[in-house]
Amino acid sequence: MRKVKTLGLLGTGVIGGGWAARALHYGVDVIAADVKPEMEEWIRGAVANAEPALARLTFAPLPPKGTLFFTTDFKMMAQRADFIQENIPEQLPLKQRMLAEVSRQAAADVVIASSTSGLTPTDLQRDMLAPERFCVAHPFNPVYLLPLVELVGGTKTAPATIEAAAKFFTYIGMHPLRVRREVPGHLTDRLQEALWREILHLVNDGVATTGELDESIVYGPGLRWAAMGTNLIYHLAGGESGMRHMLAQFGPCLKWPWTKLEAPELTETLIDRMVEGTQAQAAGRSIRELERLRDDSLVAVQQVLRQYNIGAGATLRALEERLYQDAAAAGPVSALERGKPLRLVDAVVRPEWIDYNRHMSDFRYGQVFGDAMDSLYRRVGVDEAYRATGRMYYSVETHLMYLGEAKAGEALYVTTQLLAVDEKRLHVFHRLFRGRDDALIATDEQMHLHVDTAQAKATAVDPAVRAKLEAIRNDQAGLPRPHEAGRSTGQRH
Ligand SMILES: NC(=O)c1ccc[n+]([C@@H]2O[C@H](COP(=O)([O-])OP(=O)(O)OC[C@H]3O[C@@H](n4cnc5c(N)ncnc54)[C@H](O)[C@@H]3O)[C@@H](O)[C@H]2O)c1
């Protein structure tokens, strides 16, 4: 299977738009095909809407963004794409026909995947040419922020197809879940539908409103689910003897049963209750507004989970490791960076970084400069493996000048100039710019000392790391020394 430089999308609605935003963000070009020409404007809007949240997910160095090309000619898309993701309406005959047509245009080593929520791959691949390169790749809305993608093969799917798909989706920051056996609804939608059916019953029977049922999840199980699934959570609920005790205690209830298997009839009354209930919950907020709130929360949750290396946070951590490795593999100074300070961090001012003046708090400036230092360290090989050898740079001195302000949501970037490197010391100068007008809003001069962490003593840096640092310093040798460097506190400008 080939390396994926261009993702082809068939159908550019909610899900196609989400795929486009995710792929472009991680540097993959996208050719998006839809029968309706007006979908071009829609998909460009969807990508732009996704960007603010995506931009906040990680500070790790990203490759240049991919480019988006829209067409109504699906054949052209299929001939040019390295991987094709189908996202047209959930109708079996339509999907079968279009997948068959697409398979006649695409080279045999191009994986073709379907976003279907519940149709089975054996049915979908029935009329395809080279059906062994087909699988289901079921994502979740918003595709650009939720890492889960269920991979399901049909009877004709080659195992190599699933592996190639898993590799591509991991590359764009996802968690591929290989579903062992095809079943209608795959795994997640079976679970979601079971919950949804009970919600419909409880609303239909007048037991609860949609809002009360959402509360019953959001304040309780929903919080646990982000870190651990139902099974591990129930194992904990059983006390010392875990799941065995849990089953003994609550197993009998399964026979009563508490829940109803069949979905209720979707009568007009039930539909009205569901619609009115959710409108009351929205409380006048538009879909766009609620989407932003959802996206901001999803970013924040994943960042917290990353600290514990659990669930989607572990996926984010692994993605960041790879992004840093890719950046380091490009060498200490890439062709585009020659003779300039290194641009090591691109960030967005997060809402929680704001102080009572509605501007970024002073200590957050230091945090952003710390992120620039982390990025520099990774680039020269001072990473987790290096730290595990008991060596690290410690900050010993810093002089931060506050020159301007930034508001929530504003883009920032940091550039870094190496002033001096020797056996033990590293002297750097960072500048923080506001993206909107490229205004310099802070500078930070720092001295770092290389230490043996076990002995807590200064020690010589690894020669390979020093060589990379010197390569950066030599590349920047022609840059003027920043006039703020070496300044003392309170000195006049
Ligand atoms: N919406 C979700 O939450 C969700 C989640 C996961 C998976 N899915 C699955 O993703 C698929 C798409 O769902 P959606 O919600 O994006 O639907 P959608 O209605 O928003 O988008 C479908 C798009 O396909 C286009 N289309 C229709 N026929 C076409 C054809 N022959 N060629 C090219 N384009 C065509 C339509 O013009 C439309 O833009 C479905 O299979 C659905 O089950 C949806």
On a straight-distance basis, which aspartates and glutamates could pair with residue 260 in a cross-link, Cα separation under 16 angstrom, same-chain partners fewer than 8 positions away excluded? 193, 198, 205
Listed by chain and number, the residues whose amide H is under 5 Å from that of residue 453, excluding neighbours fewer than 5 places away on the same chain and using placed H, are 391, 392
Can you pull the percent of Cα pairs in the chain with separation above 28 Å? 63
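When only C-alpha pairs under 8 Å and at least 6 residues apart count, what is the relative contact order of the chain, in percent?
Averaging sequence separation for qualifying contacts and normalising by length gives 11 percent for the chain.
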For labels at residue 255 and residue 280 in the simple 7 Å Cα→Cβ model, what's the distance in nm? 3.9
Apply the Karplus curve 6.51 cos²θ - 1.76 cosθ + 1.60, θ = phi - 60°, to the phi angles in the stretch 67-77 and return the couplings in whole Hz, x for Gly and Pro. 10, 9, 10, 10, 8, 9, 9, 5, 5, 4, 4
Check residue 28: other-chain or 5+ apart residues with amide H under 5 Å from its amide H, H built from backbone geometry? 66
Less than 29 Å apart at the alpha-carbon level, and either on another chain or at least 8 residues along: which lysines does that give for residue 65? 3, 5, 36, 75, 167, 340, 407, 468
Placed amide H near residue 403: partners under 5 Å, 5+ positions off or other chain: 442, 443
How large is ³J(HN,Hα), in whole Hz, for each residue of the stretch 175-187 in order, when computed from phi with the Karplus curve 6.51 cos²θ - 1.76 cosθ + 1.60 and θ = phi - 60°, using x for Gly and Pro? 10, x, 10, 7, 8, 5, 9, 6, 9, x, x, 6, 9
With each label point set 7 Å from Cα along the Cα-Cβ vector, what nm distance links residue 212 and residue 79? 6.1
How large is ³J(HN,Hα) for each residue in the stretch 143-148, as worked out from phi by the Karplus curve 6.51 cos²θ - 1.76 cosθ + 1.60 (θ = phi - 60°), to whole Hz, x for Gly and Pro? 4, 6, 10, 8, x, 5
Under 13 Å from residue 156, Cα to Cα: aspartates and glutamates that are on another chain or at least 8 residues apart: 123, 127, 132, 182
With a Förster distance of 30 angstrom and the Cβ-Cβ distance between residue 329 and residue 5, calculated FRET efficiency to the nearest 0.05 equals 0.95
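Laboratory data are not the source of any read-out in this text; all were calculated from the coordinates shown. Please read all numbers here as calculations on a predicted model, not as lab measurements. So basically every Cβ, Gly included, is an ideal-geometry build from the backbone, and we count neighbours across all protein chains shown.
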